[in-house]
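FYI, it's all coordinate maths here, none of it is from the lab. These numbers were taken from a predicted model, which means no experiment stands behind them. Cβ atoms come from the backbone with ideal geometry, glycine included; neighbour counts cover every protein chain shown.
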Amino acid sequence: MEKYYSIIIILLCTALINAQDLNTNKINQNTLMNMGTISVTIGGNFIITGTFPASITERVDQFVTRMFNEAKLRAKGNILDAGTLQNIEKNFNKYSLRNITLKRADGEVIKLDLIKFRITGDFSNNPYLKNDDVLIFSPTDLDRDFFTVSGAVNNPNKFNFVDGDKLPNALELAEGINKAYENVDSVEIDRLSYNGETLNKFKVGITSDISLQRGDRIIVLADETQRKDYKVLVLGEVKRPGEIPITKNNTPIKEVIKAAGGFTEEASLKRAKLIRGTNIRYILEKEFGLNLEDRSDFFRDWPNPVLFQFERDKMLRMSNLTEEDTAFFFVDDAIRQTLNEATLDFDSVLDNDSRVGNLKLRDGDVIIIPQKINTVYVFGQVKSPGNIRYVKGRDYKYYIDRAGGLGELANEGKISVIKAETREWISVDEKNVSIENGDFIYVPKNPVRSFNYYVGIVGRYLSIVGSVATVILLLYQFKK
């Protein structure tokens, strides 16, 4: 009994000493690791080869991932050039995790598929490491040594081919059949001849155990599901603004407005808009000041500038525009591409027999119902630019006067009314111009010219006069 007490006392003392050492950082993590360290060798086609320390508690996947990350960090630390680093990032992922050979010191040889382990959690493909284990990575060539899986699967992808692969292996690597598809019962395999000139297509059942060949392209057949997240966005003066679910190109606009609770009393139907296309983010953020960062999925098709320019080039290719006309065309075409807007009479949108109300909406459409504006905006060369309360029947002078009157540099002869609905510019000198609710009044500025400007103008005219005079003198001399 005393012997057992002595052993217990020794163990308690050891534990106390170790705890004290850990609290005072006298034993670091490396020291603890070395207490259970083994040696593992990496060979073959991997980003780093050689013999390295490993823990007796590490499995193959943990060790491989750790070595991969350490090699990656070491490379990043030694490279400053961004282009070279980007190239290394791509090359890091070119080793095969599917056909790893594990050789034990006792002569045992095990084939491992870490991709399969990561998908299925089958630990037979991810055993614990032992001392003097050797991991050999096979060469990889995804351009020639591959098969692909596409269609109704969860992870359509390209995979390294391993001798012995069968259809069930391929479907397993593609993470199984996507349950969003119905009646999935067959697979098409496209098999190209060695010379690449003949394509053999054949169908097999989804449960077939057929062996695969290098280069096989597997398509899991299913009609594309149309059960998708079709929706439109309704903003502004409706009772329940937000995203409204719709059917595929078959929901009328009146049903959407009803689903949004109908218009509020403040709705300005005259200025309401239906905007189509993929450029609506710009309009909503810039024109209406809305923050749409949390709606990134709704605007996933936002076009890049290259596509924008490509569309413009197609429009111009067969044109006969002059150089001056082209500048105006660029402005109009930019508005066309950015604001794909439908002109609709929203006053009758809820009528049962309304043509507008029965207009079928598309996924991604946006309906904007602005608030009624009871002001006229005066800006430019006035003393107090801003919104002036609208008074029916008043002319432009009334609103300019309420904005503090004309500024010192105002060009009174070129004042324009910009109509709220059409953005048409109308000179105040035109007959029958009237100010309506929501209109803009713009007072331009008389440009201030320096003395050098006028000297330059006179110089150009004198140069032209001189050239003409020279031509006349030459013609006179020829007549003699």
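A few points about this structure:
- Cut-off 18 Å (backbone N to label point 7 Å along Cα→Cβ of T51), residues of the range 123-148: 129-137
- FRET efficiency for the pair D395 and E424, taken as 1/(1 + (r/R0)^6) with r the Cβ-Cβ distance and R0 = 25 Å, rounds to 0.90.
- Packing, taken as the mean count of other beta carbons within 10 Å per residue, orders the peptides 37-43, 147-153, 201-207 from highest to lowest as 147-153, 37-43, 201-207.
- Site pair D223 and N320 shows an inter-label distance of 5.1 nm when each label is modelled 7 Å from Cα along Cα→Cβ.
- Counted charge near N99, where neighbours are those whose Cβ lies closer than 9 Å (Asp, Glu -1; Lys, Arg +1): 0
- Formal net charge of residues neighbouring I218 (Cβ-Cβ distance under 15 Å; K, R +1; D, E -1): -1
- Interchain or long-range residues, amide H under 5 Å from I48's placed H: none
- Approximate shape of the range 224-265 as ellipsoid semi-axes (Cα gyration tensor, √5λ), whole Å, largest first: 23, 10, 6
- When D141, D229, D133 are sorted by how many other C-beta atoms sit within 10 angstrom of their C-beta, beginning with the fewest, the order is D229, D141, D133.
- Prolate/oblate/rounded call for the range 123-221, Cα gyration tensor, a/c under 1.5 rounded: oblate
- Two-site FRET efficiency, I373 against F330, from Cβ-Cβ distance with R₀ of 45 Å, rounded to 0.05: 0.90
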